[in-house]
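All remarks here apply to the structure that follows.
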Amino acid sequence: MVYWKAFALGLLSLAASILKAAPVSDVSERGSAACLVIVHGPPTTAITPGTAVTGLELARSSTGAVTLATSGFETLINYNNGGFGEFEFCNYYWLNIGTSTHSYKPLSWGYDDQETTTWSAGSGQIVTALATSTYSKTSTFLACNESGAWVLYLQTGSEVPSGVTCVKTQLQVGTNTLA
């Protein structure tokens with residue numbers, strides 16, 4: 001097993017030296033070679049006990065919706081500039097808060113597009129949306145069962161969508177457990 005680790009580290013070192021051998025001004029110009037290493041991270045999970053969504057992970061559905069699922073993102077999370085981004089296949093999916101006249105705000109994944117800069121989160125912490133001019137600080141999310149998927153909204157008041165089953169929950173970023 002030690003030999004495989006040494007071999008893998010050797011390949012990683014070789015890849016890094018190749019990337020450094022041809023410096024470019026923009027990382028994107030390097031193509032997919034810059035993404036040989038995928039950093040695994042802890043999932044972000046719903047933690048409200050006694051609800052149908054407890055233990056489900058923050059995910060992106062096949063249609064791109066922000067959902068909770070049994071297997072969500074498990075890659076590096078980026079908190080830069082008040083954002084919350086999941087790294088996947090050389091790109092970030094930024095969690096963005098949409099606008100609505102309702103107290104439940106739609107969430108979306110911005111493909112390399114960070115619109116929301118008011119998230120507060122970190123390893124082991126509750127994900128919180130900081131106060132803006134339209135709502136107060138909140139760490140409450142609304143998970144609504146829409147056609148079998150638990151779609152997430154940011155809850156800034158007490159309204160809920162009609163015609164669907166919803167539960168309030170909080171999200172917690174896991175902690176790294178490197179062996």
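The values are calculated or read from the model by the stated rules, or taken from the named source; none is laboratory data. This structure is a prediction, so every number in the text was calculated from the model and none was measured. Neighbour counts run over all protein chains shown; Cβ positions are idealised from the backbone, glycine included. To get the accessible areas, we keep the full protein, side chains included, count just its heavy atoms, and leave off ligands, DNA and RNA. Shrake-Rupley method; radii C 1.70, N 1.55, O 1.52, S 1.80 Å.
For the reader, a short list of remarks on this structure follows.
- For first residues located in the stretch 61-74 and in contact (Cβ under 8 Å) with a residue 40 or more places away in the chain, partners that are surrounded by fewer than 17 Cβ atoms within 10 Å (Cβ to Cβ) and not small (Gly, Ala, Ser) and lie 6+ apart or on another chain with Cβ distances below 7 Å do not occur.
- Scanning the stretch 120-165 for residues that are surrounded by 15 or more Cβ atoms within 10 Å (Cβ to Cβ), in contact with a Phe, Trp or Tyr (Cβ under 9 Å, 6 or more places away or on another chain), more than 18 Å from Thr99 (Cβ to Cβ) and small (Gly, Ala, Ser) gives Ser120, Ala121, Ala143.
- All conditions but one from (1) at pLDDT 50 or above; (2) not in a strand (DSSP E or B) apply to Gly10; the one that does not is (1).
- Candidates are the residues of the stretch 101-117 that are under 17 Å from the mean Cα position of the chain (by Cα) and polar (S, T, N, Q); the one that is most open to solvent (accessible area, probe 1.4 Å) is Thr117.
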